[in-house]
Amino acid sequence: MALITCKECGKEKVSDQADACPSCGFSFRYERHLEERKEDREDRQAEAARKGGCTLLGAILGAAWATISHWMEWPFIPWL
């Protein structure tokens, strides 16, 4: 158990396990909920960015493969 300071009234030595500040009634539960949502959103954004990068890489490699295979068919270039 850690002791924190209330962000609303500034009272020190409030348990981090408390649902609300005993002095002003500020809801720590809601604050924790907002932090969890923010972390979830950041995780989803990172996942989307990673998937987007893989998709872009696949498109570039596919275009390069199509271009090279086209060059190999017509006109025939013996040194390739």
Margin query: Given Cβ point charges of +1 (Lys, Arg) and -1 (Asp, Glu) and nothing else, what value in debye, to the nearest 20, does the dipole of the chain about its Cα centre take?
Written below: 80
Check: Just one of (1) 67, 20, 7; (2) 62, 9, 7; (3) 22, 13, 10 is semi-axes √(5λ) of the Cα gyration tensor in Å calculated from these coordinates, so which is it?
Finding: (2)
Checklist line | Long-range amide H partners of residue 20 with built H, under 5 Å | finding: 28
Item checked: Under 19 Å from the Cα of residue 11 - aspartates and glutamates, other chains or at least 8 residues apart -> 19, 31
Item checked: Extension gain (nm, one decimal) between residue 45 and residue 4, 0.36 nm per residue minus Cα-Cα -> 11.8 nm
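Only the coordinates and a few stated rules stand behind these numbers; no lab work does. Treat the numbers as computed from the prediction; the structure is a model and nothing was measured. Methodologically, a virtual Cβ is constructed for each residue, glycine included, from the backbone with ideal geometry; neighbour enumeration extends over all protein chains shown.
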